[in-house]
Each structure stands twice: as C-alpha cells, then as structure tokens.
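Reading through the structure tokens given below for one structure.
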Amino acid sequence: MVAAPEAPERMVGKALKRREDPRLITGGAQFLDDVKLPGMTHAAFVRSPHAHARIASIDASAASSMPGVLGVFAGDDFMDLNPLPAAWQAGGVTNHPVTPRVLAVGEVHQVGDPVAVVVAEDAYQARDAAQAVIVTWDPLPAVVDAKKATEAGAPQLHEEAPNNIVLEWSCGKEADRVDAALAAADVRISHHLINQRLIPTPMEPRGSIARFDPATGDYTLWATSQAPHVHRLLLAAFVFGIPEQKIRVIAPDMGGGFGAKIFVYYDMAATMALSKKLGGRPVKFWEDRSENYMTTTHGRDHITDLEIGAGKDGSITALKVKTWANLGAYFSTIAAGIPTTLYGRMVAGCYKIPNIRVDVVAAYTNTAMVDAYRGAGRPEAAYVIERVCDLVAQATGVDPAEVRRRNFIQPEDFPYDTGVGMLPYDSGNYELTLDKALEQVGYTGLRQEQKRRRGAGERKLLGIGLSSYVEVCGVAPSKWIGLPGEGWGAGLWESANVKVHLTGKVVVTTGSLPHGQGHETSFAQLVSDRLGIPYDDIEIEHSDTQAAPFGFGSYGSRSLSVGGTAIYKSVDKVVTKAMKLAAHMLEAAEDDITFENGVFSVKGSSESSKTIQEVALAAHVGYDLPEGMEPFLDETTYYDPPNCTFPFGTHVCVVEVDTETGGIDMLRYLAVDDVGNVVNPLIVDGQIHGGIAQGLAQAMFEGAVYDDDGQLLTGTLSDYAIPKASQLPWYELDRTVTPTSVNPMGVKGAGEAGTIASTPAVANAVNDAVGHLISGEIAMPFTPERVWRAINAH
Amino acid sequence: MSATASAPVTAISMTVNGKEHSAEVEPRTLLVHFLRDALGLTGTHIGCDTSSCGACVVHLDGDPVKSCTVLAVQADGASITTIEGLAGEDGSLHPVQEGFWEKHGLQCGYCTPGMIMTGAALLERNPHPTEEQIRHELEGNLCRCTGYQNIVRAIQFAAEQSS
C-alpha cells in the first residue's frame, strides 16, 4: 500500500527548456568532427575542376611519397563496390537512375566529382598530397539548365538516360479535359515560374569516420546521418553486398541536416573501404564548406510553365502545370520522389480545383545532385499554387484573401481527395487561420494604406503577401508510398522500444533521431505523462543502429507523428502488462484496476494500490508473476501510420518596396499555423521560426548559381547568401489547433511548415507591392537590383 | 596537427581557459585546429572555410576572434577563452549561456558556442544593447536553425540579468 501521490504536473503542452542544451552551450557535445579514435587517419579527395570531362590519366607518384601518406587510391580501386543505391524511384513510370560510384571512373559529370582519394596520418598532410595528384582531363561540353538539358543537341551525361531524362511523370486529370476547361474559362493566364536552386547549408557540414575490424569483419561507421538504419541497410545490401549486421552506424550530435544528411554519400563507402584497405585503421573524412557546396545535395531547382483558368469571381477552374526538375549530375538516394509524389501531388494546395494536371520532366545536368531539402517538394508546390491565387486575384480584381476563401476546401469536406493522387487530407480548417491572420495583421487598414500610397505616387509602396498552405508530413503509410504505388523502395513505418527498469527508470529507444529538433525533451514529456513517471527518470536513446530495432529516420516532419506514436503505443503495451501484474499483486480482478498518475488502484479502495515503479520491480525480479507472464516491462512497437498528416496555416508578409532603389524592407511577418496538438510549444515555435527564416531567405537572398560551363559561382559562404541576424524580421506567431485523427496524440508535424509557407508569402508581398508596375514575374531572390530592373524594364 | 619530419615547427605557449599550454606547431596551423586537435577543446566548431560563419569564435585577450582566421603562432603569449572556459569554476553558467538555454536560443547547437562567445563579448562592451545592436553585432555569426529571434531574446535575457 502506498499513499496516493499528488497529481503530477502534466508535461505535454509545457514549454519545457530542452534537456539537450546543457551539453551544447558548454562545448560538451560530440559532433562528428569531435570524434577521435586511436590510430585515426584522414582522407582527402582529389576532385574534378570541370563540370564534364573524361579522365585521361591520374598520376599519384609524387603524392604517394609525401610525408604521412598511407595510400592514394583511384576509382579502379573500388570496383568491387556497387554504385550507390537509388532508393526512391518515381512510381508508375520508367526511371533511368544513374547513381555515383565511390569515385568517378572514366568520366566526371559535375565540378567536385571525386576521382582519387589520399589517406594520410593527419588532415593537413592528406590535403597536401591530394594537391599533388596530377589528373589529366579531356573537358566535354556541359549543360546546367534542366529544360535545355532535354532539348536536341544538348550535351549527354549518361548513356542510360537518353536526352538526359531521368523520368517523365504526370498526375491529375486527362490533358484534354484540362485543356477544355482552360478554353472555357472566363479568365485565362499563362505564366512562367522559376523556383531557384538552393543549398541546404546545415552549419555542420558532412563527414564520415569508419573503422573496420579485421578480426570480425565488422564495420563501424560514424556519420552525419538523418537515417542511420537506412544507411546501414543501403550500404550493406546494395553497395558492399554484405549482411546488414556487419555494419553499425552511429550518428553523433548533429549540427542540422535539413534533408541533406538523409542520403547515402560516396564518403561513407569510401572511408569504410579505406579502413579495410589499411588493415583496420580508422579513416576520417570531414568535408569543408566548399566541398559541401560542391558535392552535398542541393534543393528545389524547378522551371515551371502554368496555364490557369479562372471564373470572374476568382474561382480557379483549371490548372495545368508543366515542370522541369533539375536532379543534377546523378540520381541521389530519394531524388525522384521529391518532384513527383511530394510536389505534383501537393500542387492543389488547400483548394478545390476541378481540373488540374501536373506534368514533370526530371533531368540530369552537370550540377550537384538535387534531393530533399527542408520541405522537399511541398515548398515548390506551395510556391506554384500560392502564386496562382495571387495571379488570379490580379487578373480578376478579386482580393487575394477572397480568392483563397472562394476556393478553400471546407471543414465539412474532410477527408478530401484533391484528385492528384495524394492521400486524402485528413482534417483542416483553412479559413480559420486566414481569418485570424488577416485580423491580427490589420488587413483592411493595410490595403487602405497601400491604396493611399499608390494614389499619392509615393516612392515606397506597400505589399501584402498571403500564403495559405497545406503540407503533407508524417510520412507515410508503407502500402501507399511503397514500390507498387509511389515507388519508395521500402516501408516507412517507425519503431520504438520502452523499458521500465527494476529501479523504475525508463529507457526509450527510437528510430527517430534529432539534428536540432529536441527529441530527447519532447519524447520524454510524452512518456512521462503516459506512464506517470517523473520526466527526469526517462532517458531517450537514438542515433545508433545498435539501439532501436530499426528506424527510417527523421525527415518529412515524421518524428513525432510516426516515431512518437510508436513510443506512445509501446507505452500503452507497458501499461497493459503492468495492469495485469498490478491486479495479481493487489489480488483484484484486472477490470477493477485503474491507472492514473503512475498508480494502479483497486476501484473504490483508496488503501489498495501499487506505483508503476513497484510493479516494474516485481516484473523485473519475476518472483511472483501471473501464470504465463514473462518478466520485465519491455515492449516494442512497429508503427505504420494509416495516413499522412496535413498541417496547414496562413502566413502574411508585409513589405515596403522602394521603387527608386528596388530595396525591400520587411515590416511584418505573421504566421498562424495549425500543427495539431503541441507537445512542447517552445520547440514548435522554434521550428516555425527557423522554417520561416529558410523560406524567406529563398525569396530574398539565396540562390545557387552555376555559369554555363557548370562552375558553381556561389561556392562558399561568402558567395551564397545565408541570411544574417540583421536581415531577418521579428516573427509574430499564433496557432489554431485542429487535432488529426490519424494518430492517437492528434499531432501533425512542424519541422517544415515555416519553410513551405514563407517563400510564397514573401513572393506574393513583393509582387503585390509592385506587380502593377512590372510585366511577368520577378525571379527570386528579390535582390534590389532585380526588383529595380523589373520596375524599370519599360 | 602533429608535426612531421619535414615540416618546420615553432614553439608557442598560451593560456587557454586559465591554463598554461606550450607546444610545437607548424607555422601554418590554425588556432582553431590547435585548440581542437592539440588541446582537445572541441567546443569550438568549424562551419566554413571563408571566415564567414563564426562557429569558431573564441576570446583572444578578451576580444572575440574567429579562430579559423588566426594562426596558432599569432596567439603565442595570448590568453584565450573558449566555450569550455566560459562557465564559472563551480559550473555556474555564464548569463549568455543561461539565456540561450532559457530562451531556446539554439536548436542543433553547432553555431552556438560561437554565438555565445560573440554575445558575451558584446555584453562586456555594451551591457544593455538594443535589439538592433544585437542583430548588428551578430552579423559575423551564422545560424541556420533558429531564424535568430530566440538568439536575440537569449542575449536580451543575459543583459537583463546584469541590470
């Protein structure tokens, strides 16, 4: 018998400070570059200065005899390894995947392609020797633009992909039907949009450290990895052809990822193979920022033609989208799914559009590979559909807010099928976020002020940009996204194990893992409430293939809704088993036992109870268990979500554009998001802040630029415009809460929402300010020069 | 970085976080590599190769410097404070460290040591900066996670502690 405890403070919903932070603010964290192993050696790659060339010869004789050099290797030395895997090919169509090898053999296809690797005792020596490797090149013509790459006469990258076409894919209604609807529309708009290439730029670059154990034949790989289990699987089964259990992958603390650390990279396989070649000495590769910019994946890079049909009342009656997606020099791990499933199937946004069709051509070019970058397809889709709304507003004279309102999917329409092959949107109340945002920003007043300034011929014009977005996250039901449907070459469930140890302390292992999102805090909050065990007694283990049974990793805003639900269900199983044992201990029927705040009690008897810690002790020692019960409270769940989740919201951006200089001042940035129930508002708000900053930066500052020869002109952090503190506005946040019924917690996902919403909000604001003075579209990023040129073009 | 047979080395000594260190280094060794590799102080991070990101900021004789842009030999005789040396000897956090924890001024934490060192140096010079001054002072430090708002709040929090 124990005294009934006071009801503990509920942890879910609380803005708890993160438990991750103490090690991060004192220099105590261990990032990959901080890992130091006995006998560790250092690798440096010799890279192509050309975007497209044949390798005539490689002379490593001088490099081989330099101080500290342990070996110099070229592509031929790794031919026992297969090329990297193409894990997500677009569903239902023919793909032509050409993936990179560890080192390029015969021909290079992008600047930075690795052709040789030096291993030396220290990193300085490895770099010195890499400089001394002499490569003779026969340069070939290059192409960097996805549309031009598919045209007749373009330089050809790969024999396997005629006309540089990776795939051609469509979704939505038949072309004839959409064409007829366009022809019948009151208002017809043709438009051209460029969603420029971005460089993800986590502040920590990427790297790998591998150690081969000659005694067992096992490899350990420490890697900057958003998906350690997937990397183990792909490296073992596809690249090395060895059993999965021969590789252990560990992701140390990670300095951001934003998608770029999901993929299998050459250096993972290279360091593993090199460690074996060196008889088991660990080999480290740590890319510098220039290498990161050249060879780690990029994002976006779409060219899009639009045909829009609308009613005079602002209703969107037809939409035809044709997009050329640039996938870069090779097929990156999940590249094909981004411009198809995650883009094409989200182009309808939060609107009912009766006639909609999306055609996508994905192409190889002599540029860095393009794959998922924060938002992955949905920012590109949101940019299209939110610009469409404003273009319709401009053409019909209907207010942009009203255009959105007229076309919104209504709350009673859910679950709603948008007709482009996406899973049905589960829930939503789009108008609520729009109304809230308009009210808070003072929309009517702003429109009046905008009108006044225009009328008075003022130099500084006001622009108000709306973005009502919906995104898909919590990826994904395996039977939908998998091979037969969307082409993803695996499942996309998540695992979690929960153990309540003899001491009453809890260890949770999860296949989800953080790279800045604070999983250790949020997951512990969730478990604490469900088990009634103090937050500080709960430990979250992650990022090691020897911890969780399996994990598909963290991306697609899936950690809480999929990984968290796996934890939630494991906790349920623990409680169910503990309930049986408590009934046995209390000599009562199970039906008479209640569980609240960590205490099992017999109904109607305040005297008769056991804490979960007491039950955990009894379960662990196993002296007296009910007939047939196994010892230990230890439960595992493999959770496959029944649907994705569809967070939504409305962002409003207010800008002032100086028509004489083209300069833009951001006056307000307001976001009303609906991510469902919130576990930790501090963390969720932080995710929204950072998301807004990245999407806003696409509109205002960032863009990866290649010249026609395929040289990356924005190859360092002094050339690529990551925004600074002085360049970003104060974010005003609010939210609505429409819980999803897809998972028992009613949570959706918050990691990418800000990025998806903010680019079109800013783009619409700038176009709203000066749209009447320009023709066509100002291409992002909206540098003062571009804005000024657009205004002064005629 | 270890010296090699063929590379010339120079003897240096400096005080790091209150402790004397002497070593022989190649003249080209960057201070950041000396701190990380020779002294094992890995809290100072490297995020770029163009002195742009500020992840490597340490205090050199009290001034914030990007330790990727200082040669170890240039720091000969200097007193260096890194993120590991910012908290009190009893482990009590510096107000800027507290601010970052309190206001969720970090997510991945990779830029954080540099941010904190820059913020601490700012408050030494200007104990009560305006938001604009804070944002201006942080121009040499890049963060990709937070969008900076909570970093501003963190430094404001620290400034309030000293009032």
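Since every read-out is calculated from the coordinates, none of them should be taken as a lab result. Since this is a predicted model, take the numbers as computed values, not measurements. Cβ placement follows ideal geometry from the backbone for every residue including glycine, while neighbour counts extend to all protein chains displayed.
Shielding of peptide B:147-158 by partners, expressed as the average count of other chain Cβ atoms within 10 Å per residue Cβ, is 5.
Put the Cα centre of region A:523-567 next to the Cα centre of region A:382-414 and the gap is 39 Å. Per-residue Cβ neighbour counts within 10 Å put A:I567, A:I481 in the sequence A:I481, A:I567, beginning with the fewest.
Residues A:I774, A:I356, A:I25 in ascending order of nearby Cβ atoms (within 10 Å, fewest first): A:I774, A:I356, A:I25. Grouping the Cα pair distances of region B:95-161 into 5 Å bins from zero gives a pair-distance distribution of 4, 21, 36, 28, 9, 1 percent in increasing distance order.
Can you pull the one-decimal nm distance between simple spin-label points at A:A184 and A:K451, each 7 Å off the Cα toward Cβ? The modelled label-to-label distance comes out at 3.5 nm. Each 20 Å bin from zero up to the one holding the largest Cα-Cα distance in the protein assembly as shown carries the following percent of pairs: 14, 44, 34, 7, 0. Relative to the current alpha-carbon distance between A:E9 and A:T576, full extension at 0.36 nm per residue lengthens the span by 201.8 nm.
Straightening the chain between A:K505 and A:Q394 buys 33.9 nm, computed as 0.36 nm per residue apart minus the Cα-Cα spacing.
Here the translational diffusion coefficient of region B:10-85 follows from Stokes-Einstein with Rh set to the Kirkwood radius across Cα pairs; for 10 °C and 1.306 mPa s it amounts to 133 µm²/s. Where Lys and Arg each count +1 and Asp and Glu each count -1, what net charge lies around A:T295 among other residues with Cβ under 10 Å from its Cβ? Within the 10 Å Cβ shell, the charges total -2. Using every pair of distinct Cα positions in region A:296-355, the Kirkwood expression returns a hydrodynamic radius of 13.4 angstrom. Measuring nothing but alpha carbons in region A:311-466 and taking Rh as the Kirkwood radius, the Rg to Rh ratio lands at 1.04.
Report the one residue of A:G13, A:G532, A:Q546 whose Cα lies farthest in the direction of the positive end of the charge dipole of the protein assembly as shown (charges on C-beta: Lys and Arg +1, Asp and Glu -1; origin at the Cα centre). Result: A:G13, furthest along the dipole toward the positive end.
Summarising the label geometry, the points placed 7 Å from Cα in the beta-carbon direction at B:N126 and A:D59 lie 5.7 nm from one another. Taking other C-beta atoms within 10 angstrom as a stand-in for reagent exposure, A:D301, A:D544 fall in the order A:D544, A:D301, fewest first. One quarter of the convex hull surface built on the alpha carbon atoms of region A:501-617 amounts to 7.6 nm², the projected area averaged over directions.
Counting only whole DSSP H helices of chain A, the ones at least 15 Å long by C-alpha along their axis and with mean Kyte-Doolittle hydropathy no lower than 0.5 are A:681-700, A:753-770. Seen from A:T576, the other residues with C-beta closer than 10 Å to its C-beta sum to a net charge of 0, counting Lys and Arg as +1 and Asp and Glu as -1. Centre-to-centre separation between the Cα atoms of region A:216-281 and those of region A:322-359: 30 Å.
Taking every DSSP bridge with both residues inside region A:414-560, close to 55 percent are antiparallel. Extension gain for A:A215 to A:R789 (0.36 nm times residue separation, less C-alpha to C-alpha distance): 200.0 nm. Tell me, how many Å apart are the Cα centres for region A:739-792 and for region A:694-725? Centre-to-centre (Cα) distance: 17 Å.
Could you work out the mean projected area of the convex hull around the alpha carbons of region B:7-163, in square nanometres to one decimal?
Mean orientational projected area (region B:7-163, Cα hull): 9.0 nm².
For A:K436, a cut-off of 29 angstrom between C-alpha atoms picks up these lysines, skipping any fewer than 8 places away in its own chain: A:K14, A:K17, A:K312, A:K352, A:K451, A:K460, A:K748, B:K103.
Between A:V93 and B:A23, what is the FRET efficiency for a Förster distance of 56 Å, r being their Cβ-Cβ separation, to the nearest 0.05?
0.40
Under 14 Å from the Cβ of A:G491, count the other residues' Cβ atoms, weight Lys and Arg +1, Asp and Glu -1, and hand me the total. Around A:G491, the charge tally is -1. Just to be sure I follow: if Rg is taken over the C-alpha atoms of region A:442-560 and Rh is the Kirkwood radius over the same atoms, what is Rg/Rh? Over the Cα atoms of region A:442-560, Rg/Rh equals 1.29. Note on A:K148: lysines with a C-alpha under 17 Å away, same-chain residues under 8 apart excluded, are A:K322.
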